[in-house]
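The values are calculated or read from the model by the stated rules, or taken from the named source; none is laboratory data. Given the structure is predicted, the values throughout are model-derived calculations rather than measurements. No Cβ is skipped: glycine too gets one built from the backbone with ideal geometry, and neighbour counts run over all protein chains shown.
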Amino acid sequence: MHALFIVLNKTEYLDDILTAFVNIGITGATIIDSQGMASALVENHHNDIPIIGSLRSLVDRSRPYNKTIFTILQDNKMVDRAMEAVNTIVGGMNSKGTGVMFTVPVGKILGIENVNK
């Protein structure tokens, strides 16, 4: 099993991603409102930290918040399908400012009876 995490900066794609998940058999995911560290530091005016001036130029102030989606997937095939769907919807996760997507192996899990079955 794998946990798929998607930190989605372009939140306008959220509904399309969730719909795609349902269409490929993913019936559960958790969505969390989130914010990147650089954005939080800039927003809270931490001028005493030397790197903040550099961060200001990198932070997209029009999108200070993002959504973090995570779901548990049974196998590599489902991981590939989910990641491909997200990548297609957002026009490529490697595009600047889109977000980040990664998996983490899951050894044991309680509280989920059927994972992608």
Fill in the blank from the handout: Checked against (1) within 14 Å of residue 9 (Cα to Cα); (2) modelled with pLDDT under 90; (3) buried (at least 17 other Cβ atoms within 10 Å of the Cβ), residue 115 satisfies every condition except (1)
Practice task
Tell me which residues, restricted to region 64-92, are touching a strand residue (DSSP E or B) at 6+ places or on another chain (Cβ under 7 Å) and surrounded by fewer than 18 Cβ atoms within 10 Å (Cβ to Cβ).
Solution key: 65, 68, 70, 83
Problem - region 1-56, residues that are small (Gly, Ala, Ser) and at pLDDT below 70 - result: 39, 53, 54
